[in-house]
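Written out below as structure tokens is the structure these notes cover.
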Amino acid sequence: MILNSRIPEGPLAEKWEQFKDHCRLVSPNNKRKHTILVVGTGLAGASAAATLAELGYRVKSFCIQDSPRRAHSIAAQGGINATKNYPNDGDSVWRLFHDTVKGGDYRSREANVYRLAQISSQIIDQCVAQGVPFAREYGGLLANRSFGGAQVSRTFYAQGQTGQQLLLGAYSALMRMAAAGQVELFPRREMLDLVAVEGRARGIITRNLLTGELEHHAGDAVLLCTGGYGNVFYLSTNGQNSNVTAAWRCYKRGALFANPCYTQIHPTCIPVASGYQSKLTLMSESLRNDGRVWVPQQPGDARSPSQIPEAERDYYLERRYPSFGNLVPRDVASRNAKQVVDEGRGVGATGLAVYLDFRDAIAQQGQAAIAQRYDNLFQMYQRITGENPYEVPMRIYPAVHYTMGGLWVDYHLMSTVPGLFVLGEANFSDHGANRLGASALMQGLADGYFIIPYTLGDYLAQNPAALVETDAEAFAEAEATAKARLLKLLSIQGDKTVMEFHRELGQLVWDAVGISREQPHLEQAIQNIRALRADFWENLRVPGSPDTLNKNLELAGRVADFMELGELMARDALTRAESCGCHFREEYQTSDGEALRRDDAFSHVAAWQYEGDERTPTRQPEELLFENVQLTQRSYR
């Protein structure tokens, strides 16, 4: 298979305008004839559904929660990037583009990233018009702060709950269209399969999570907006319902899965405290604006932080990266945290933490100023740990937070299955091997509000299709496949719970495909995951029946997919014999311990094609061309 990214011709800065000027359109009267299925109601899904409905399309919106307001987008804390340049500190579309390509360690498409930077300012205008309560300066302008990987302040924020406020804006637009009859909402539904008719995505099979009923839904295109797959690690900052199942079903129906080993380990999270935890909690990267990261200079120093004098503290990020200090990109901060912990200089009862200290910021600016920026985050930390960060340093450690990998899409956000579009974190397109902070919200809203209205219309105008009824043979086949899988999970009747299997899988993936990777460990992980998967299908026990609310059955289906995904992640990391961004292979590093890319061999996207359950998938490369950015060794020193 030859992957065609369909990037428009012309200068980089003109590609998106060229596309908009020349794409095919659907007339207002004809939009009413089209039904669009939007799976997921986070920022990408809610904004896409609302915008398409506003244009006149009939939209069906599917939500795995009881309300779109519970989508995992609410967990984003720190902010959203845009090139308004209100601080007048030198920001521009080019700088955001360059910072994003560099932050991703030169493993993303130039054209997609530049379009994202161009659209960023429009997103802020849209959200302000919706009433999103961004923080403001005294004079009334929207406030900005800095995030990792940038030397300008371009991040707009609503204290420490930016994702929630942006989602409420998109949710209000979505519900307005629902009230107008343009959007039909389907809460508590999980997509279990994609239906393709004559090679094009024309429907989905969903399960009503309350009744267990399998449902058929037909449309003219499917938009997958289901987020990332970080829960393959078991412990992550993702919501418990976040999963890969919808994307994995599409992968098995012909959509290629790109760069699955690119998983972001966020450096600023509350450390693991117990083997019985089911998730971890993010502490916003924005805290590194004022907090200073440090560990004791001497290994094994068990004194409380207040007893360790300044001369015996190692502010290791400030020491190693004087140009960016504590605001280095996430992959760099995470690797350095692991390194000092491996040296025996970790803090806390487990030794798996470093300090994030606000003592100096409070002394310089006053507690009221720090509280104005971060008080809800400080309260969250205190409720979870019982420690007051105004008085003692926070303890933080890296945790799985985001996935840069996802289903492969072209410039139009369409997968290798015609009619299947993939938006937001569910696709791979914009962040390369490492996402910069405050860029996830930007991408999700750019895809939903501003890109898909053009690219979807172009597809529908060029691909008129006959009406498909839900009693078509393709729907019956997809339902039978989904039903057989559910019944198989229930029939095993072994002696291990799904949580036991998930915990074991998560540890295997974390150890081999976590902060650092190494060939022998990856090879062993592939064998271990295969053995665990075989055990899963022999010894899993799922109580209950399929025709009612059955949380164990839901989880079993998701963990079964995680088993297969975990192996693909390890295989992808093994075949990418270089270090880049979050993908740090111990065998490939510079003399000072930084990621060593091999541009001659790996300047490409690795997209994996499904070949069958027991067959090795085929690796399909998409070469990355850099005509505007010079490939250099990434440095934040």
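Taken over the Cα atoms of the stretch 274-401, the convex hull encloses 117 Å³ per residue.
Basic side chains Lys and Arg get +1 at the Cβ, acidic Asp and Glu get -1 at the Cβ, and with that the dipole of the chain about its Cα centre reaches some 940 debye.
Please give the FRET efficiency for Tyr276 paired with Ser491, using the beta carbon to beta carbon distance and R0 = 25 Å, rounded to the nearest 0.05. The computed FRET efficiency comes out at 0.30. Residues in the stretch 76-125 average 27 Å² of solvent-accessible surface per residue, probe 1.4 Å, ligands and nucleic acids excluded.
Computed on protein heavy atoms with a 1.4 Å probe, the accessible areas place Met1, Met499 in the order Met1, Met499, largest first. Eigenvalues of the alpha-carbon gyration tensor of the stretch 504-623, scaled by 5 and square-rooted, set the equivalent ellipsoid semi-axes at 33, 16, 12 angstrom, largest first. Relative to the current alpha-carbon distance between Glu611 and Asn463, full extension at 0.36 nm per residue lengthens the span by 50.5 nm. For the pair Ser92 and Glu587, a Förster radius of 41 Å applied to the C-beta separation gives a FRET efficiency near 0.60, rounded to the nearest 0.05. Its alpha carbons considered, the stretch 155-287 gives a radius of gyration followed by a Dmax of 18.0, 52 Å. What are the lysines whose alpha-carbon lies under 30 Å from the alpha-carbon of Lys496, with same-chain residues fewer than 8 places away excluded? In chain and number order, the partners are Lys252, Lys279, Lys483, Lys488, Lys551. Normalised by the number of residues in the chain, the average gap of Cα pairs under 8 Å and 6 or more apart makes the relative contact order 20 percent. Amide H to amide H, with H built 1.01 Å from N, Cys580 comes under 5 Å of Arg585, counting only residues 5 or more places away or on other chains.
Where only DSSP H runs of four or more residues are counted, the chain gives -11000 deg cm²/dmol as its mean residue ellipticity at 222 nm, each run worth -39500 (n - 2.57). The convex hull defined by the C-alpha atoms of the chain has an orientation-averaged projected area of 27.1 nm². Computed with a 1.4 Å probe over protein heavy atoms only, the accessible surface of the stretch 480-637 comes to 45 Å² per residue.
Once the other residues with Cβ under 11 Å from the Cβ of Tyr171 are scored (Lys, Arg +1; Asp, Glu -1), what is the net sum? It works out to a net charge of +3.
Using a 1.4 Å probe on the protein chains only, how many percent of the accessible area of the chain belongs to carbon and sulfur? Carbon-and-sulfur percentage of accessible area, whole number: 48. Determine, at each q value in 0.23 (inverse angstroms), the log₁₀ of I(q)/I(0) that the Debye formula gives when each Cα of the stretch 42-167 is one equal point scatterer. Rounded to two decimals, the profile gives -1.38. Annotation: per residue accessible area for the stretch 379-458 equals 20 Å², rounded to a whole number [probe 1.4 Å, protein chains only]. Measuring only protein heavy atoms, the 1.4 Å probe finds Lys60 accessible over about 50 Å². Computed from the alpha carbon positions, the gyration tensor of the stretch 441-491 leads to an equivalent ellipsoid with semi-axes of 34, 21, 6 Å, biggest first. Antiparallel beta bridges, as assigned by DSSP with both residues in the chain, represent about 70 percent of the total such bridges. Taking a Cβ cut-off of under 9 Å around Cys63, the surrounding Lys, Arg, Asp and Glu residues balance to a net charge of +2, with basic ones at +1 and acidic ones at -1. Phi angles of the stretch 313-318 translate, via the Karplus equation with coefficients 6.51, -1.76, 1.60 and θ = phi - 60°, into HN-Hα couplings of 9, 10, 7, 5, 5, 5 Hz per residue; Gly and Pro are given as x. Overall shape: prolate for the stretch 139-203, with the ratio a/c of the largest to smallest alpha carbon gyration tensor axis at 1.5 or above and a/b above b/c.
For Lys84 and Glu17, FRET efficiency with R0 = 25 Å and r from the beta-carbon atoms, rounded to 0.05? Given R0 = 25 Å and the Cβ-Cβ separation, E is 0.80. Amide H to amide H distances under 5 Å link Trp608 with Phe257, Ala258, Asn259, Gln620, where only residues 5 or more positions off or on other chains count and H is placed in the peptide plane. With the convex hull constructed from alpha-carbon coordinates only, the stretch 376-488 shows a mean projected area of 12.5 nm² over all directions.
Each listed q (0.19, 0.20, 0.24 Å⁻¹) maps to a log10 I(q)/I(0) for the stretch 461-528 from the Debye sum over equal C-alpha point scatterers, namely -0.85, -0.88, -1.04.
The values are calculated or read from the model by the stated rules, or taken from the named source; none is laboratory data. From a predicted model like this one, the values you see are computed outputs, not experimental measurements. No Cβ is skipped: glycine too gets one built from the backbone with ideal geometry, and neighbour counts run over all protein chains shown. SASA here: full protein model, heavy atoms, side chains in, ligands and nucleic acids out. Shrake-Rupley method; radii C 1.70, N 1.55, O 1.52, S 1.80 Å.
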